[in-house]
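Where a number appears in this text, it was derived from the coordinates with a stated rule and is not lab data. Computed from a prediction, not measured in an experiment: that's the story for all the values here. So basically every Cβ, Gly included, is an ideal-geometry build from the backbone, and we count neighbours across all protein chains shown.
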Amino acid sequence: MPLASANGIIIFEAKKALAKKTAMSYVKIWVHLVFATKDHEPLLKEEFRYDVHKHIIKNCREKEIFLQAINGYTDHLHCLISLGKDQTIAKVTQLIKVESSFWINQNNLTPEKFSWQDDYFAVSVSESQVPVVVNYIKNQEKHHAKKSFEDEVNEFMTKYGWKLIKVQ
């Protein structure tokens, strides 16, 4: 039985609502995440790039980050992730970037200290577009044989209506 009705919204008794409470929340929010090396330096050499991907996959499993796809090129990475109920894009991005840069430096994979650019690109992906985005991420090397990262960023900005703001 409803306790009250206001503006067409029905409020039920708390006991009945609690009895119907499920044991687990279900959240599925797909995010295409892209981040670059500091100053877009081409530091992710082919000889260890896939080791970095494998390490990020392992790290994501340990931190319960659902990573569906990862790939990139010499100066950036693409990830398709599904956020959990207590995860934010900022926190997941931080966990991936901080730990992977630490691992790259710990293993001396680059001649200079490695770091990721502070900013990143993240856009939601509908369930129906997941296979398209997975394919896009999977084919990064072919893609970047024809298009620079700068051109890719410009394409994303046009597609999603973003403008790059230069901070002085």
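Taking the Cα centre of the stretch 27-133 as the origin and placing charges on Cβ (Lys, Arg +1; Asp, Glu -1), which of I96, F35, L67 is farthest toward the positive end of the dipole?
With unit charges placed on the Cβ atoms, the residue in question is L67.
How much length is gained if the chain between R61 and K113 is pulled fully straight, taking 0.36 nm per residue apart and subtracting their Cα-Cα distance, in nm to one decimal?
So the chain would gain 16.1 nm between R61 and K113.
Using the basic label-point model (7 angstrom from Cα toward the beta carbon), what is the K142 to Q106 distance in nanometres?
My value for the distance between the label points is 3.5 nm.
Can you give the net charge of the other residues whose Cβ lies under 15 Å from the Cβ of I104, counting K and R as +1 and D and E as -1?
0
Quick one: length gained pulling K28 to E155 fully straight, 0.36 nm per residue minus the C-alpha distance?
43.1 nm
Where Lys and Arg each count +1 and Asp and Glu each count -1, what net charge lies around R49 among other residues with Cβ under 13 Å from its Cβ?
After counting each charged neighbour, the total is -3.
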